[in-house]
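Every read-out reported here was derived from the displayed coordinates using simple, explicitly stated rules and does not represent laboratory data. Small disclaimer: the values here were computed from a predicted structure and weren't measured. Methodologically, a virtual Cβ is constructed for each residue, glycine included, from the backbone with ideal geometry; neighbour enumeration extends over all protein chains shown.
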Amino acid sequence: MTTAPGLPLEAGDGAALVARGAAVVSREELRRRSDELAERLRQEGIGRVMVVSDDPVDVLRAIDACARAGADLWVAHTNLPGAMVEELSREFRVQLQIGAQDEARSVAAPTADTEPATDGDGAPQARIFMMTSGTTGRPKVATHTLGSLLAKVRTSASVSANREGRWLLTYQPTGFAGVQVMLTAALSHGLIVVPEERSPQGFFEAARRWEVAQISGTPTFWRSFLMATPPGALELRQITLGGEAVDQATLDRLKERFPTARITHIYASTEAGVVFAVHDGLEGFPKSWLEQPVQGVELRLRDDLLQIKTPNAMQGYLTEAAQPLLEGGWVATADRCEIVGDRVRILGRQDSTINVGGSKVYPLAIEGFLLGLPGVVEAKVYAVPNPISGALVGADVVLAPGSEPSEAKKAILARCRAELATYQVPRVFRVVDAIQVGTSGKKG
Amino acid sequence: MEKQEILSAIQKLVADILEQKGLDVVTLDASTELLGGELGIDSLDLATLVRELEETTGRDPFSEGFIEFRTAGELADLYVR
């Protein structure tokens, strides 16, 4: 490897890096804690680490120390249930869990197929494994390296345009988007502002206290943030929207409220990272982008579905892939598009995935959960369009004979609220006599 | 429907949501900020509320896109015919 691995955090640099409430962690403090961890990894010969924490300090400390000590790092998504984290920890033979307390674990010796990958020169290159969210079923695990993650951040223009920015962290710090925001701040000498409470009011109070000027969030986040933020309370320089397709009305409201901010919406995929960014305040992207590469990326439509070809594609999946890789390096997305004048509009997913405020809900998984509850004999889960969150989860359920519908509904919803993530809970719930089955034998 | 009727409907739907979440039911009026922190509802709860208001009133003021609102009164105004 030619460059020193790790994040650009210098000893003696007292600038704040992470702020939460009134407390801050400086760049040198993070450097010191990361040095300690890297030293422990080297001394104890630890090569397999998992960070289990929603504190950005722990996530950054783990990323930096593992890159420098050459250890593979799994980032456990905050939304995963504890039992699943345990199972993955065992399966990947994690030797150390990073969190509020770092915890050594006893594991069997690694086998050949789990040895670290090597780069072109044969030197070991530590990998970073990121997980999809979701409390039902196993998460998908995507493989990156710190180098590939930083390359994506560097090319995203957020770094050069927002030197010493103050970023509000609206995403979970353990997800891909959250890590991107944190790495952007680390690279551009910026500040990561963490809300004490993940509510519209909590986000607003954190933004006001630290005079945040840069915010990246989903369109759903922005719609609720607009409602919690009085006019004139914040002076934003950079507004970024991602995670779901954005509509023109939301872009217009943001422009009206924050007239001097640059408004960017980004298109990203799990496979390719950030694919392109649009800054002109219009939904979709220019049709001319289908004819010539833009921002190093080629775009094309096939059967109205967007396909992309990018040099930043991730290195592969540890588990099964979500999107098929086509001949010639093209990735087929499931995003349906239409051309309107000189613009390409993104209409949403072609598959049945429900996007609730930027969080993906897989109907089959929720149907499986409902079917596991007492008294439920059939279930169909579907998207209900919604102006606030893009979509909500709807569920039709057929009950076993003899069940009392209103009692059963209450009991089922109580289990959903207790055992599913809030965005997965059916908000529209109907008890029905039967669910229509199509000619293919699938639920229509 | 009159604004007052719609405000009552909002009060009832919010009360249902709070009860389901195991929170204390709060009385709201036209000036209550829906996401202002007093009520204890989040944006997904608000999404649910809007969906149920559509069923109650038979109107969908958001059919052309998102319209901004902050208070219960501003939301009620969107449904007044």
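With the simple model of a label 7 Å out from the Cα in the direction of the Cβ, residue B:20 to residue A:282 spans 4.0 nm.
Listed by chain and number, the aspartates and glutamates whose C-alpha is less than 13 Å from the C-alpha of residue A:140, apart from same-chain residues fewer than 8 away, are A:271, A:320. Shielding value for B:32-39 is 4, the average number of Cβ atoms from other chains within 10 Å of each residue's Cβ. Length gained on full extension, residue A:91 to residue A:338, computed as 0.36 nm times the residue gap minus the Cα-Cα distance: 84.6 nm. Calculate, for residue B:68 and residue A:32, the FRET efficiency according to 1/(1 + (r/R0)^6) with r their C-beta to C-beta distance and R0 56 Å; round to the nearest 0.05. Efficiency for this residue pair is about 0.80. Take each residue of peptide B:60-72, count the partner chain Cβ atoms within 10 Å of its Cβ, and average: the result is 4.
What fraction, in whole percent, of alpha-carbon pairs in region A:354-431 exceed 20 Å separation? Summing the P(r) tail past 20 Å for region A:354-431 gives 26 percent.
What is the antiparallel percent of DSSP beta bridges lying wholly in chain A, to the nearest 5? Of all bridge pairs located within chain A, approximately 60 percent are antiparallel. Within straight-line reach of residue A:309, meaning a Cα separation under 20 Å, sit the following lysines at least 8 residues removed in sequence or on another chain: A:152, A:287. Membrane-span-like helices in chain A, defined purely by DSSP H runs whose alpha carbon atoms cover 15 Å or more axially and whose average Kyte-Doolittle hydropathy reaches 0.5, are A:56-69, A:176-187. With Cα atoms as the point set, region A:16-335 shows a radius of gyration and Dmax of 19.9, 59 Å. Arranged from fewest to most other beta-carbon atoms within 10 Å of their beta carbon, A:306, A:371 become A:371, A:306.
Per residue of A:385-395, other chain Cβ atoms within 10 Å of the residue Cβ number 5 on average. Bridging of residue A:410 to lysines at a Cα separation below 20 Å is possible for A:380, B:12, B:21, once same-chain residues fewer than 8 apart are set aside.
Taking the Kirkwood radius as Rh and the Cα radius of gyration as Rg, region B:4-81 has a ratio of Rg/Rh equal to 0.93.
Among A:255, A:152, A:360, the order by Cβ neighbours within 10 angstrom, fewest to most, reads A:255, A:360, A:152. Measuring nothing but how far apart in sequence close Cα pairs (under 8 Å, 6+ apart) lie, relative to its length, chain B scores a relative contact order of 47 percent. Could you give the size of the charge dipole of the protein assembly as shown about its Cα centre, using +1 on the Cβ of each K and R and -1 on the Cβ of each D and E, expressed in debye and rounded to the nearest 20? Here the protein assembly as shown has a charge dipole of around 600 debye.
Going from the fewest other Cβ atoms within 10 Å to the most, the residues B:17, A:46 appear in the order A:46, B:17.
Considering the options A:394, A:374, A:356, tell which one lies farthest towards the positive end of the dipole of region A:354-431, charges being +1 on Lys and Arg and -1 on Asp and Glu at the Cβ, about the Cα centre. So the residue furthest toward the plus end is A:356.
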